[in-house]
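Report on the structure given below.
Since every read-out is calculated from the coordinates, none of them should be taken as a lab result. Not measured: the values here are computed from a predicted model. Glycine gets a Cβ as well: all are built from the backbone with ideal geometry, and neighbour counts include every protein chain shown.
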Amino acid sequence: MRNTTNSGRPSAKLEPRQREVLIMIGASGLSYDEAAKICGCPTGTIKSRVNRARTELAHLLSIEGPEDFEEDRVIAAVIAGRRPRGHGAS
């Protein structure tokens with residue numbers, strides 16, 4: 001990771017709806033469909049929010065790609081948009 005000074009909580013800088021779905025999908029392991037039901041919106045909306053949140057978070061952290069997190073497969077998987085092996089159902 002390149003920018004670790006004065007970063008505080010970069011996720012706090014995300015739009016609330018983007019932060020919410022990024023946590024649901026990336027951290028909690030919910031499916032897009034499950035998150036859509038919870039949020040009361042179409043699955044496509046959830047996918048868009050997650051994509052925008054990942055892009056913005058990567059920008060805030062000066063991340064160019066998953067290779068910046070090779071030592072942490074969970075973070076690399078979240079940035080890359082997939083679940084790591086052994087974490088939740090497929």
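Order of Thr45, Thr55 from fewest to most other C-beta atoms within 10 Å?
Working: Thr45 16, Thr55 13.
Placing the least packed residue first, the sequence is Thr55, Thr45.
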Calculated FRET value between Arg17 and Ala80, using beta carbons and R₀ = 30 Å, to 0.05: 0.85
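Under 14 Å from the Cβ of Cys39, count the other residues' Cβ atoms, weight Lys and Arg +1, Asp and Glu -1, and hand me the total. List each step's numbers first, then the result.
Numbers: positive: Arg17, Arg19, Lys37, Lys47, Arg49; negative: Glu15, Glu20, Asp33, Glu34.
Local net charge: +1.
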Cβ-based exposure ranking for Glu56, Glu15, Glu34, in which fewest neighbours within 10 Å come first: Glu15, Glu34, Glu56
